[in-house]
Amino acid sequence: MGVLEGLKPERVFYWFERISEIPRGSGDMDKISGWLMNFAEEKGLGAERDEAGNVIIRKGGSPGCEQAKPLILQGHCDMVCEKKDGSAHDFRTEPLELRTDGEKVWAEATTLGGDDGIAVAMMLAVLEDETLLHPPLEAVFTTDEEIGMLGASAFDFSRLEGRRMLNLDSEEEGILLAGCAGGMTSHCSIPVRYNEVSAAWYQVTVHGLTGGHSGSEIDKNRANSSIMAGRLLYCLDRELPFALAELEGGQKDNAIPRKTRMVVGIAGEDEAELMAAAAKLESELRREYRGSDGGITITVEKKGEGSCPALDPVSTQKTIFWLNAVPNGVAKMSGEIPGLVETSCNLGILALTPAELSACISVRSSIGSARDALGEKICYLTEFLGGDCHTEGVYPAWEYRETSPFRELVREEYEKLYGKSPKVEVIHAGLECGLFYEGLPGLECVSMGPDIMDIHTTEETLSVPSVERSYKLVRRILEAAAR
């Protein structure tokens with residue numbers, strides 16, 4: 001018996017549980033792509049897979065609807081893989097441990113992968129349903145969306161006939177998305193040198209932060225643990241002599257880091273000063289982030305005494321300077337759409353290696369020139385310090401269309417089902433719709449989905465009633481699009 005058995009809609013949750021058994025972390029797409037091809041074969045549906053692992057499954061229109069204009073259904077296969085401290089879960093080999101109380105679904109000690117697993121599950125339920133009225137369908141399952149939309153970037157759009165697309169990669173019921181930001185990932189590296197240093201060594205950890213999605217939650221005043229670690233290093237630099245041996249924070253460029261760890265060496269008699277500096281900054285940060293991220297904690301743990309490699313003074317100063325000067329967070333709000341973040345960046349991954357200080361930064365903007373300018377600013381800072389910077393995963397913005405018959409169709413079906421009008425919004429988070437919009441001239445697109453809370457974190461939950469309503473809406477949209 002499945003953990004989610006009995007939840008409605010049954011087949012959506014059946015397929016969600018099935019794909020939760022398959023490794024599908026970003027960068028690990030072979031198994032899920034192959035599984036989708038096997039699904040299509042078992043159901044007698046046409047399918048093809050490209051070198052990036054993207055899969056298209058085609059289904060002809062239901063009887064009487066064969067000549068209707070085709071409709072594209074689209075979602076991505078990969079998920080962000082994060083786990084709680086102490087969890088031994090291996091995303092590469094082990095299924096997610098799903099849990100439910102009947103109202104919501106979550107995974108034990110890990111991210112759930114509702115983003116965008118619920119889209120995959122809905123699309124599979126549609127594709128197997130022989131009772132549903134629908135136009136010809138092109139179900140597109142893309143790969144590696146969470147690490148720069150790499151699958152969609154490599155996709156050959158000439159393989160698609162449809163010019164209407166329903167993207168199922170949104171996480172808030174009642175909102176129809178009609179535009180999104182473009183973005184890219186900036187990879188920074190600054191060469192460093194080490195000296196052998198004899199000291200008392202302490203592990204200092206900035207943790208207890210809320211984290212979240214670097215697009216949809218960048219404006220919610222949530223702290224970035226790596227930026228806070230840089231602030232602590234600056235404070236220490238003013239208070240006492242120290243050496244920096246280790247530094248690491250964050251796991252994904254598009255997730256706001258929740259934990260950053262460093263190892264510092266000091267003279268044994270300076271322990272009280274180290275403790276006091278950490279406690280003082282913790283108090284300041286909790287006050288500054290009260291109401292949005294007030295659980296910030298800085299812990300100090302002695303690791304021992306002795307000699308080990310640590311950054312030389314110049315490399316230490318470069319590290320402190322870069323962390324305190326690099327842009328992070330909201331850079332500019334839109335001057336046209338109230339409340340919309342126009343441009344931002346997020347220091348997502350930070351690591352000190354034997355050769356370099358490396359970082360991955362997610363840069364987003366609804367204006368291409370602003371995105372590029374912010375990326376260039378990050379690169380200029382990095383290169384000024386003798387480092388290198390390059391970008392990858394560049395994707396365009398999805399521009400809002402004033403007139404869209406398909407969006408009007410979706411809005412009408414929403415009103416019939418819910419008895420009220422949906423919100424139509426443009427968001428700061430990136431969606432693959434921008435790449436489809438650029439690759440398919442004349443494309444009309446709408447993005448929607450059920451309520452998913454705390455995506456990209458170990459507290460991620462999926463609302464069961466919202467999934468049921470959202471799937472009903474998907475079915476109604478398909479029926480209306482077939483007429």
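The values are calculated or read from the model by the stated rules, or taken from the named source; none is laboratory data. Predicted model, so just to flag it, every value in this text is computed and none were measured. Cβ sites come from the backbone with ideal geometry, for glycine too, and all protein chains shown count toward neighbours. Ligands, DNA and RNA are stripped out before the accessible areas are found, and what is left, the full protein with its side chains, is counted by its heavy atoms. Shrake-Rupley method; radii C 1.70, N 1.55, O 1.52, S 1.80 Å.
Per 10 Å bin from zero, what fraction in whole % of the C-alpha pairs of the stretch 47-141 is there, up to the bin with the longest pair?
Result returned by the calculation: 14, 35, 28, 18, 5, 1.
How big is Rg to Rh over the stretch 360-423, alpha-carbon atoms, Rh as the Kirkwood inverse-mean-distance radius?
Radius of gyration relative to Kirkwood radius: 1.30.
Past the 18 Å Cα-Cα mark, which pairs from Lys69/Lys420; Lys104/Lys252; Lys69/Lys416; Lys332/Lys377; Lys84/Lys252?
Lys69/Lys420; Lys104/Lys252; Lys69/Lys416
Rounded to the nearest 500, what is the chain's calculated 222 nm mean residue ellipticity when only DSSP H runs of at least 4 contribute -39500 (n - 2.57) each, over all residues?
-9500 deg cm²/dmol
Using only the alpha carbons, work out the radius of gyration and Dmax of the stretch 314-468 in angstrom.
19.8, 65
Please give the Cα centre distance for the stretch 131-181 versus the stretch 308-378, rounded to the nearest Å.
29
Give me the compactness ratio for the stretch 13-86, meaning the Cα radius of gyration over 2.2 N^0.38 Å.
Its radius of gyration relative to the 2.2 N^0.38 Å reference: 1.34.
Expressed as a rounded percentage, what relative contact order does the stretch 253-369 have, with Cα pairs under 8 Å and six or more residues apart?
Contact order relative to length: 25 percent.
Could you state the accessible area per residue of the stretch 247-299 in Å², with a 1.4 Å probe and every protein chain left in place?
44
Quote the Stokes-Einstein diffusion coefficient, in whole µm² s⁻¹, for the stretch 391-483, based on the Kirkwood radius over alpha carbon pairs, a temperature of 20 °C and a viscosity of 1.002 mPa s.
D, rounded to a whole number, is 141 µm²/s.
Fully extended, how many nm does the chain gain between Arg193 and Met453 (0.36 nm per residue separation, minus their Cα-Cα distance)?
Length gained between Arg193 and Met453: 89.3 nm.
In debye, nearest 20, what is the charge dipole magnitude of the chain about its Cα centre with +1 on Lys and Arg Cβ and -1 on Asp and Glu Cβ, if you could check?
880
Modelled label-to-label distance, Glu66 and Thr299, 7 Å Cα→beta-carbon offset: nm?
That separation, rounded to one decimal, is 6.6 nm.
With Kirkwood's inverse mean 1/r over C-alpha pairs for Rh, give me the Rg to Rh ratio of the stretch 139-232, two decimals please.
My calculation puts Rg/Rh at 1.12.
Pop out the Kirkwood hydrodynamic radius of the chain from its pairwise C-alpha distances, inverse of mean 1/r, in Å to one decimal.
23.7
Ignoring any ligand, DNA or RNA, what whole percent of the accessible area of the chain comes from carbon and sulfur when the probe is 1.4 angstrom?
Ligands and nucleic acids excluded, carbon and sulfur reach 48 percent.
Rounded, prolate or oblate: which fits the stretch 258-314 when a ≥ b ≥ c are the square roots of the eigenvalues of the alpha-carbon gyration tensor, with rounded for a/c under 1.5 and prolate only if a/b beats b/c?
prolate
I need the shape label for the stretch 108-148. Rule: rounded when a/c is under 1.5, else prolate if a/b > b/c, else oblate, with a, b, c from the alpha carbon gyration tensor.
oblate
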